[in-house]
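Step one of this worksheet: look at the structure below.
The values are calculated or read from the model by the stated rules, or taken from the named source; none is laboratory data. Just so it is clear, the structure is predicted and the values come from calculations on it, not from any experiment. Please note: Cβ atoms are built from the backbone with ideal geometry, for glycine as well, and neighbour counts cover all protein chains shown.
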Amino acid sequence: MKYKYIIIKSLIVLSILFIFSCSNNDDEKVKESIMYGSYDNLFLSKESFEKIGFKFNKDYNVENLPDAVSAVYGFWGLKSFDRLAYELRFYPSNKVAKESGIFYAEEVTGSDAILKKSEASWKEGIKDRSGTTFFGTISPKYMDYVIFGNVIVLCPSEKSSAVSGVSDPILNCSNMLNEVVKFID
């Protein structure tokens, strides 16, 4: 009889834990899923990012970035001390961003990113796409990118004791874009 109550209590506790773990995963899936097709028809501008407190630092010359309307470098974070560096590349549409921008985004993201001006296809802003490690070696600032509406966002993976963001670049972009979505009419 005593064992029957222990088993029932254990099953109740396990059920509650299972329910909470599933609900947390659903929230994460919703946040991450905003970048997978739901917003392809969006047309965003610098103003879309100004509404969330994005701090623009540089406007790049896009003359040699095929079909781009503009490109900017700046910072965003929910808290002023949590800001990470992002590069935003604006195109006339999602289709054009995919057709013309993917090659250039892939070239400067990931562990094999091209960080030398002499090797880069689009040389503008190349210094802003790298950082220096503790040992003095140059490392890529952006480990991934996303296409969100008509914008290609280069996603940072920065993490230090001064920044409470996450090291997953896609999650960093997702966090920022979730804020942008809140201001869409």
Within the bounds of the range 125-133, is there any residue that is crowded, with 19+ Cβ neighbours inside 10 Å, of a type in the set (D, E, K, R) and part of a helix (DSSP H, G or I)? yes
Only one of (1) farther than 25 Å from Gly53 by Cβ; (2) among the acidic types (Asp, Glu); (3) in contact (Cβ under 8 Å) with a residue 40 or more places away in the chain does not apply to Asp128, and that is (1)
With criteria (1) among the aliphatic types (A, V, I, L, M); (2) more than 15 Å from Met176 (Cβ to Cβ); (3) not in a loop (DSSP other than H, G, I, E, B), Leu88 comes up short on (2)
Out of curiosity, is Asp82 charged (D, E, K, R), closer than 21 Å to Asn178 by Cβ and in contact with a Ser or Thr (Cβ under 9 Å, 6 or more places away or on another chain)? yes
Just give me the residues in the range 98-124 being polar (S, T, N, Q) and assigned to a loop (DSSP other than H, G, I, E, B), in sequence order. Thr109, Ser111, Ser118, Ser121
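This table checks each residue for (1) at pLDDT 95 or above; (2) closer than 22 Å to Ala97 by Cβ.
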residue: Cys22; (1), (2): no, no
residue: Asp26; (1), (2): no, no
residue: Lys29; (1), (2): no, no
residue: Tyr39; (1), (2): no, yes
residue: Asn61; (1), (2): yes, yes
residue: Ala71; (1), (2): yes, yes
residue: Gly74; (1), (2): yes, yes
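Rundown of residues vs (1) in contact with a helix residue (DSSP H, G or I) (Cβ under 7 Å, 6 or more places away or on another chain); (2) farther than 27 Å from Leu42 by Cα, yes/no style:
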residue	(1), (2)
Arg83	no, no
Glu107	no, no
Thr133	no, yes
Pro156	yes, no
Within the range 46-53, identify whether any single residue is touching a helix residue (DSSP H, G or I) at 6+ places or on another chain (Cβ under 7 Å), of a type in the set (Val, Ile, Thr) and either outside any strand (DSSP E or B) or free of Cβ contacts under 8 Å to residues at least 24 places away in the same chain (or both), and answer yes or no. yes
Considering each residue of the range 134-156, count those that are of a type in the set (Val, Ile, Thr) and in a loop (DSSP other than H, G, I, E, B), and give that number. 1
